[in-house]
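As structure tokens, the structure follows; a few thoughts come after it.
Here, each number is a calculation from the coordinates, and none is a lab measurement. On a predicted model such as this, the values are computed, not experimentally measured, just so you know. Cβ placement follows ideal geometry from the backbone for every residue including glycine, while neighbour counts extend to all protein chains displayed.
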Amino acid sequence: MSVPGTPTLDQLAVMIAIADHGSLAAAARALGRATSVIAYQLDGLEMQLGLALFHRGTTRRPQLTDAGKLVLAHARETLANVSQLKAGVAALSAGQEAELSLSVTVMFPTNMLVAALTALQAQFPTLSVRLHVEALGAVQARLFDGSATLAIGGPIEGVNERLVRRALAGVPLVPVAAPGHPLTRPDIPPGEAQRHLQLVLTDRSRLTEGKDFGVLSPRSWRLGDMSAKHALLKSGAGWGNMPVPMITADLAAGTLVQLSLPDWPGTIYPIELLHRPDHTPGPAARWLMDWLAGQPG
């Protein structure tokens, strides 16, 4: 059994043109070449592969053989990959970073993150993105260990000051519980929240080790996953603070109730764009930062 030869990109482009335009003459016009050159390239491709790719007759359009249909699919994929390679090389030559590694706080609205990354993909189609969604200090920790080059994080005293900062719109944070929880009653007296189990978001980062954020109750469960906290709140296990964008549907449906606590009415959780001072963001990172900063609060 003979080993197939290696077709050229030009031969693959000729095959695609014949399939798309319906004849050798039409393919020649589309590619700006003589029909004889197109025929020569096709013959060479079939010889290289040892296969007939088209049924060719004098009275009808060339029709792909079964083998030709398979080869055509590979040809399209190969040329598409080459086009992506060329676009990526051109972008790198122009100074664009090959990859953007992004660390994002769980507090940041998902719809905003999706919109930002969708816009980024449209603007920089060859850019690779590595996304880390973290809690509290784990966001900034990825900047310091080098696993992220840009962060969207919350406030950490003594940490954010060591980074280059750019403020974004903050996220409303409110106390909530499931319907029927004792704290959903009207006229809750001061100090009552401390008598009930509070579900608290935590993380394993040393940057926030031993620090509490919005914790009122001495009775608390420390949870490293926001989805688990959300589910436990809806189950009635306890009360806790949640970012409003994450629970808008729950508040509308009544599966969670915003609490009126005299000790803690809620707050705005500050959000900042962050990067290390020894790292200069590339064109894609700068574009993303400008896009996010330009969104209404």
Open item on the list: Helix 283-293 against the longest principal axis of the chain: what's the angle in degrees, Cα atoms only, rounded to the nearest 10?
Closed with: 40 degrees
Open item on the list: Can you list residues from other chains, or at least 5 along the same chain, whose modelled amide H is less than 5 Å from the amide H of E134?
Closed with: V104, T105, V106
- [ ] Return one number: the angle in degrees, 0 to 90 and rounded to the nearest 10, between the long axis of the Cα atoms of helix 66-93 and the longest principal axis of the Cα atoms of the chain.
- [x] 60 degrees
Task: Using θ = phi - 60° and Karplus 6.51 cos²θ - 1.76 cosθ + 1.60, couplings along segment 243-253 (whole Hz; Gly, Pro as x) - done: x, 4, x, 7, 10, 4, 5, 5, 5, 5, 7
Task: Radius of gyration and maximum dimension Dmax of segment 220-268, Cα, Å - done: 10.8, 27
Open item on the list: Please give the Cα centre distance for segment 127-168 versus segment 237-268, rounded to the nearest Å.
Closed with: 26 Å
Task: Exposed-site-free run, longest, the chain (rule: GluC sites (Glu not before Pro); DSSP loop; at most 15 other C-beta within 10 Å) - done: 1-156
Task: Cα convex hull volume per residue for segment 132-206 (Å³) - done: 154 Å³
- [ ] Largest first and in whole Å, give the semi-axes of segment 157-196's equivalent ellipsoid, each being the square root of 5 times a Cα gyration tensor eigenvalue.
- [x] 35, 13, 8
Open item on the list: In the chain, if the dipole is taken from +1 on Lys/Arg beta carbons and -1 on Asp/Glu beta carbons about the Cα centre, which of V14, P296, L199 is farthest to the positive end?
Closed with: V14
Open item on the list: For the chain, compute the orientation-averaged projected area of the C-alpha convex hull (one quarter of its surface), in nm².
Closed with: 24.0 nm²
Task: Per-residue ³J(HN,Hα) for segment 219-230, Karplus 6.51 cos²θ - 1.76 cosθ + 1.60, θ = phi - 60°, Hz, x for Gly and Pro - done: 9, 8, 10, 9, 10, x, 10, 5, 5, 5, 4, 4
Task: Whole-number D in µm² s⁻¹ for segment 151-260, Kirkwood Cα-pair radius fed into Stokes-Einstein, 37 °C, 0.692 mPa s - done: 216 µm²/s
Task: Helical contribution to [θ] at 222 nm, DSSP H n ≥ 4, -39,500 (n - 2.57), averaged over the chain, rounded to 500 - done: -12500 deg cm²/dmol
Task: Estimated vicinal HN-Hα couplings, Hz - segment 44-55 in sequence order (Karplus 6.51, -1.76, 1.60; Gly, Pro = x) - done: x, 5, 5, 5, 4, 8, x, 9, 8, 9, 10, 7
